[in-house]
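The values are calculated or read from the model by the stated rules, or taken from the named source; none is laboratory data. Computed from a predicted structure; not experimentally measured. Virtual Cβ from ideal backbone geometry, glycine too; neighbours counted across all protein chains shown.
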């Protein structure tokens, strides 16, 4: 029997987000939310926060911790834009590509070293401009190219006297020293044994290992990232440096019109949030000393996970009047058709808002 399926059938997660057409619910999105402090105390929880889920790109900041904590970022004189793009799921816009190239150049490498694969940029206008000029996507356009450039920068510090080009070959493999350092950082921050269940391992879209981790442990890691509590001094300093880099350059983490970029442009260091594939979302709320982890069961990122994260921000971040209006528009979204006619809403459910109030 598939254990996770049996659990889902016995105790389904609550409906967190609903789509209305007119005043009638048309769709509903179930999921789970954990809000935890740096000591592991659960401040708010909805749904099953103990079931391991693949964190995907939501934990890129955890994967970037060794880059800074090891001293590699200082040796290469990486700036805040480069550190921010190392935490990114960027849209492949020209500004992103330029910064990734610059980061690679500081490590003495170029795009040929990237093992993340290629895809078209997310932004349609960038795709059209490339197609019009006869260009095809490279690995630099991959939303994970910044993260991978960060891995390669870390490799330049780990390689020692070994030829770097020879050392980095296959750096995405689980047993490569780079991935061992990255996985160890994730395990330490989450306080979770990644070897607990061999079946709870997979390969991410960008070819690196990905691990299934409970929402409670993911939220704990982000509380630690936001406060430094529970982390060794070098790692706590790395977390602070990465958060501040992203707050200074939120465009690098997402791009034009992306939720993470919009929220962090507006709220600065009050929120560090990061989306992952299949509707995983994590955040650090440093002022409150809290970490957040969300998983929407059906994998709906822009429809449901963003609404859920906006609702968490409303519940736990101190917002002035204009900021509150901004965030409410993200947790209660007006839906319009192609003629600009209002047809419904995408909103947090009363159950979600009540559960976040405790």
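Output yes when any residue across region 15-34 is in a loop (DSSP other than H, G, I, E, B), farther than 30 Å from residue 188 by Cβ and in contact (Cβ under 8 Å) with a residue 12 or more places away in the chain, and no when none is. If you could, list the steps in order and put the result at the bottom.
As a first pass, look at region 15-34 and keep what is in a loop (DSSP other than H, G, I, E, B): 22-23.
Now narrow it down to the ones that are farther than 30 Å from residue 188 by Cβ: 22-23.
Still in the list and also in contact (Cβ under 8 Å) with a residue 12 or more places away in the chain: 22.
Looking through region 15-34, at least one residue is in a loop (DSSP other than H, G, I, E, B), farther than 30 Å from residue 188 by Cβ and in contact (Cβ under 8 Å) with a residue 12 or more places away in the chain.
Please pick out the residue among 135, 128, 166 that is without any contact (Cβ under 8 Å) to a residue 12 or more places away in the chain, more than 30 Å from residue 256 (Cα to Cα) and surrounded by fewer than 21 Cβ atoms within 10 Å (Cβ to Cβ). Reasoning before the result, please.
Values: 135 fails: more than 30 Å from residue 256 (Cα to Cα); 128 fails: more than 30 Å from residue 256 (Cα to Cα).
On inspection, the qualifying residue turns out to be 166.
Name the residues in region 103-113 that are over 22 Å from the mean Cα position of the chain (by Cα), part of a helix (DSSP H, G or I) and under 25 Å from residue 234 (Cα atoms), would you?
Hit for region 103-113 is 106, nothing else.
Name the residue, out of 220, 215, that is touching a residue at least 24 places away in the same chain (Cβ under 8 Å) and touching a helix residue (DSSP H, G or I) at 6+ places or on another chain (Cβ under 8 Å). Full working, then the answer.
Numbers: 215 fails: touching a helix residue (DSSP H, G or I) at 6+ places or on another chain (Cβ under 8 Å).
Of 220, 215, the one residue that is touching a residue at least 24 places away in the same chain (Cβ under 8 Å) and touching a helix residue (DSSP H, G or I) at 6+ places or on another chain (Cβ under 8 Å) is 220.
Which of the following residues is under 23 Å from residue 280 (Cβ atoms) and over 20 Å from the mean Cα position of the chain (by Cα): 85, 42? Working first, answer last.
Working: 85 fails: over 20 Å from the mean Cα position of the chain (by Cα).
Result: 42 is the single residue among 85, 42 that is under 23 Å from residue 280 (Cβ atoms) and over 20 Å from the mean Cα position of the chain (by Cα).
Looking only at region 185-232, how many residues end up being modelled with pLDDT of 95 or more, part of a helix (DSSP H, G or I) and touching a strand residue (DSSP E or B) at 6+ places or on another chain (Cβ under 6 Å)?
So the answer is 10.
Could you say which residue among 355, 289 is surrounded by 14 or more Cβ atoms within 10 Å (Cβ to Cβ), on the phi > 0 side of the Ramachandran plot, at pLDDT 95 or above and in contact with a strand residue (DSSP E or B) (Cβ under 6 Å, 6 or more places away or on another chain)?
Details: 355 fails: on the phi > 0 side of the Ramachandran plot.
Sole residue among the options that is surrounded by 14 or more Cβ atoms within 10 Å (Cβ to Cβ), on the phi > 0 side of the Ramachandran plot, at pLDDT 95 or above and in contact with a strand residue (DSSP E or B) (Cβ under 6 Å, 6 or more places away or on another chain): 289.
Of the conditions (1) out of contact with any strand residue (DSSP E or B) (no Cβ under 9 Å at 6 or more places or on another chain); (2) without any contact (Cβ under 8 Å) to a residue 60 or more places away in the chain; (3) on the phi < 0 side of the Ramachandran plot, residue 250 satisfies every one except a single condition; which number is it?
(2)
Which residues, taken from region 313-349, are part of a loop (DSSP other than H, G, I, E, B) and either farther than 16 Å from residue 259 by Cβ or out of contact with any strand residue (DSSP E or B) (no Cβ under 7 Å at 6 or more places or on another chain) (or both)? Give the steps one after another, and end with the answer.
Step one: list which residues in region 313-349 are part of a loop (DSSP other than H, G, I, E, B), which gives 317-320, 337-341, 349.
Matches in region 313-349: 318, 319, 320, 337, 338, 339, 340, 341, 349.
Could you grab me the full set of residues in region 35-58 that are part of a loop (DSSP other than H, G, I, E, B) and closer than 15 Å to residue 224 by Cβ?
So the first thing to find is which residues in region 35-58 are part of a loop (DSSP other than H, G, I, E, B), and the list is 38-41, 47-51, 55.
Matches in region 35-58: 38, 39, 40, 41, 55.
Could you please find all residues in region 295-309 being more than 21 Å from residue 262 (Cα to Cα) and more than 15 Å from the chain's Cα centre (by Cα)?
297, 298, listed by residue number.
Could you run through region 99-121 and say how many residues are farther than 19 Å from residue 75 by Cα, in contact with a helix residue (DSSP H, G or I) (Cβ under 6 Å, 6 or more places away or on another chain) and surrounded by fewer than 22 Cβ atoms within 10 Å (Cβ to Cβ)? I'd like the intermediate steps shown before the answer.
Going through region 99-121, the residues farther than 19 Å from residue 75 by Cα turn out to be 111-121.
Those left that are additionally in contact with a helix residue (DSSP H, G or I) (Cβ under 6 Å, 6 or more places away or on another chain): 111, 113-114, 116, 118, 120-121.
Subset that is surrounded by fewer than 22 Cβ atoms within 10 Å (Cβ to Cβ): 111, 113, 118, 120.
Counting residues in region 99-121 that are farther than 19 Å from residue 75 by Cα, in contact with a helix residue (DSSP H, G or I) (Cβ under 6 Å, 6 or more places away or on another chain) and surrounded by fewer than 22 Cβ atoms within 10 Å (Cβ to Cβ) gives 4.
Write out, first by first residue and then by second, each pair whose Cβ atoms fall under 9 Å of each other, whose residues are 6+ apart or on separate chains, and whose first residue, in region 178-201, is on the phi > 0 side of the Ramachandran plot while the second is surrounded by 15 or more Cβ atoms within 10 Å (Cβ to Cβ).
That search, which allows pairs on different chains as well, returns 191/40; 191/217; 191/220; 191/221; 191/224; 191/230.
How many residues does region 329-352 contain that are free of Cβ contacts under 8 Å to residues at least 60 places away in the same chain and either touching a helix residue (DSSP H, G or I) at 6+ places or on another chain (Cβ under 6 Å) or surrounded by fewer than 17 Cβ atoms within 10 Å (Cβ to Cβ) (or both)?
Let us first name the residues in region 329-352 that are free of Cβ contacts under 8 Å to residues at least 60 places away in the same chain, namely 329, 331-334, 336-342, 350.
If we keep only those that are either touching a helix residue (DSSP H, G or I) at 6+ places or on another chain (Cβ under 6 Å) or surrounded by fewer than 17 Cβ atoms within 10 Å (Cβ to Cβ) (or both) too, we end up with 329, 331-332, 334, 336-342, 350.
Selection size over region 329-352: 12.
Please verify whether region 156-173 includes one or more residues that are closer than 19 Å to residue 280 by Cα and assigned to a helix (DSSP H, G or I).
Narrowing region 156-173 to residues closer than 19 Å to residue 280 by Cα: none.
Checked region 156-173: no residue is closer than 19 Å to residue 280 by Cα and assigned to a helix (DSSP H, G or I).
Suppose the filter is without any contact (Cβ under 8 Å) to a residue 40 or more places away in the chain, part of a helix (DSSP H, G or I) and surrounded by fewer than 18 Cβ atoms within 10 Å (Cβ to Cβ); does residue 244 pass it? Explain how you work it out, then say what you get.
Working: without any contact (Cβ under 8 Å) to a residue 40 or more places away in the chain: no; part of a helix (DSSP H, G or I): yes; surrounded by fewer than 18 Cβ atoms within 10 Å (Cβ to Cβ): yes.
No; evaluated as a whole, the condition is false for this residue.
Just one of the numbered conditions (1) touching a helix residue (DSSP H, G or I) at 6+ places or on another chain (Cβ under 7 Å); (2) crowded, with 22+ Cβ neighbours inside 10 Å is not true of residue 158; which one?
Tallying (1) touching a helix residue (DSSP H, G or I) at 6+ places or on another chain (Cβ under 7 Å); (2) crowded, with 22+ Cβ neighbours inside 10 Å, residue 158 fails exactly one: (2).
Does residue 274 satisfy the criteria of being surrounded by fewer than 24 Cβ atoms within 10 Å (Cβ to Cβ) and farther than 21 Å from residue 15 by Cβ?
Working: surrounded by fewer than 24 Cβ atoms within 10 Å (Cβ to Cβ): no; farther than 21 Å from residue 15 by Cβ: yes.
No; evaluated as a whole, the condition is false for this residue.
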